[in-house]
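So that we are looking at the same thing, I have put the structure below in structure tokens.
Bear in mind that the values in this text are calculations on the coordinates, not laboratory data. Values in this document were obtained by computation on a predicted structure and should not be read as measured data. Note that we place each Cβ from the backbone using ideal geometry, even for glycine, and neighbour counts take in every protein chain shown.
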Amino acid sequence: MVINHGGSLKKEYFISYMKLIMNAFGCTLEEAKDKTFERLFRFEENEMGQQTYNQFLLAYQEINNNYNYCCGGN
């Protein structure tokens with residue numbers, strides 16, 4: 001996925017990215033979150049700006065809430 005460094009990334013971008021990681025690697029949401037944080041943020045919350053980091057957290061929360069609601073996850 002191409003990243004536009006000119007502005008902040010949206011929640012929907014991170015939802016798609018983490019779902020792609022889960023499908024490609026067959027990993028859990030938590031592992032996908034960690035891989036995304038490593039790959040895109042290089043383990044630094046402010047690597048891509050605070051607004052983008054907040055969108056990342058919102059995306060994780062939304063996926064997690066939807067999974068828990070529909071699938072009875074942890």
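Need pairs with beta-carbon distance below 7 Å; first residue surrounded by 14 or more Cβ atoms within 10 Å (Cβ to Cβ) and within region 25-53, second among the small types (Gly, Ala, Ser); sequence gap 6+ or separate chains.
Cβ pairs passing all conditions: Gly49/Ser8; Thr52/Ser8.
Could you count how many residues in region 8-60 are over 12 Å from the mean Cα position of the chain (by Cα), polar (S, T, N, Q) and in a helix (DSSP H, G or I)?
Total satisfying the criteria: 3.
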